[in-house]
Amino acid sequence: RVRVRGLAIHRPIIYGNTAVLLTPAERESLPSPDHTHRWTVAVRSAASDADSDIVGGKDDLSYFIKRVTFKLHETYANPTRNIDKPPFEVTETGWGEFEIQIRINFVPESGEKSIFVYHHLKLHPWTATSADTDAPPPPDVAAASGPVHSWQYDEIVFYDPFQQFLNTLTAH
Ligand code: SLL
């Protein structure tokens, strides 16, 4: 196995969450009616232009990512969620915001150590009142502002990659 010295190759990703407010009917049908939102936290390719093609297409990160582990708040049952194929995401319901630890494991042939990124789960839309008071907006205001999106762009950089791994990366 040969390393290509002096080379750095990056892969752009986005990670973050979307969240929607549950309707009263949805809340009643849940095992935990105190839950107010449904949310999805995910790691996706930033190289694709749409949510399509998550499996086998441009947004399929599995050629270099083997597993993504999302560590949820300990109020969740089985808070450590291992996702071994795309889409690398977890959908849950809940009532509160918290920090999610996201561990990204690369394919074994990369020889790369896993990396950690952190995302603060965002449920509440920004509003003038929430900015002033730090309190979530009232449900009617929140519902009217639609789904919340909170995403961050990042680039994973591989230094001195193995030749074979470099070939895999550049073939996609
Ligand atoms: C807060 N520090 O107090 C945060 C904690 C925890 C959120 C938020 C679901 C839990 C369950 C849930 O939304 N936990 O399913 O029991 O705001």
### Query
Which net charge results when you count Lys and Arg as +1 and Asp and Glu as -1 among the other residues whose beta-carbon is under 9 Å from that of Tyr15?
0
### Query
Taking springs between alpha-carbon atoms closer than 10 angstrom, which of Ser110, Ser32, Ser150 fluctuates most in the Gaussian network model of the chain?
Ser32
### Query
Which value in deg cm²/dmol, rounded to the nearest 500, describes the helix-derived mean residue ellipticity at 222 nm for the chain, given -39,500 (n - 2.57) per DSSP H run of n ≥ 4 and division by the residue count?
-3500 deg cm²/dmol
#### Entry: Cα-based radius of gyration of the chain once divided by 2.2 N^0.38 Å, which approximates compact folds
1.20
### Message
Over the chain, how many pairs of lysines fall under 21 Å by alpha carbon, counting only those 8 or more apart in sequence or from different chains?
### Response
8
## Note on the structure
Counting only DSSP loop positions in region 85-161, the trypsin sites (Lys or Arg not before Pro) whose Cβ has at most 11 other Cβ atoms within 10 Å are Lys113
### Task
Taking the Cβ of Arg81 as the centre, find all other residues whose Cβ is under 10 Å away and add up their charges (Lys, Arg: +1; Asp, Glu: -1).
-1
### Query
What is the chain's relative contact order, in percent, from Cα pairs under 8 angstrom and six or more apart in sequence?
34 percent
#### Entry: Cα Rg, Dmax, region 78-172, angstrom units
18.6, 55
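No lab work stands behind these numbers, since they all come straight from the coordinates. If you're wondering where the values come from, they're calculated on a predicted model, not measured in any experiment. Positions of Cβ are backbone-derived with ideal geometry, glycine not excepted, and every protein chain shown enters the neighbour counts.
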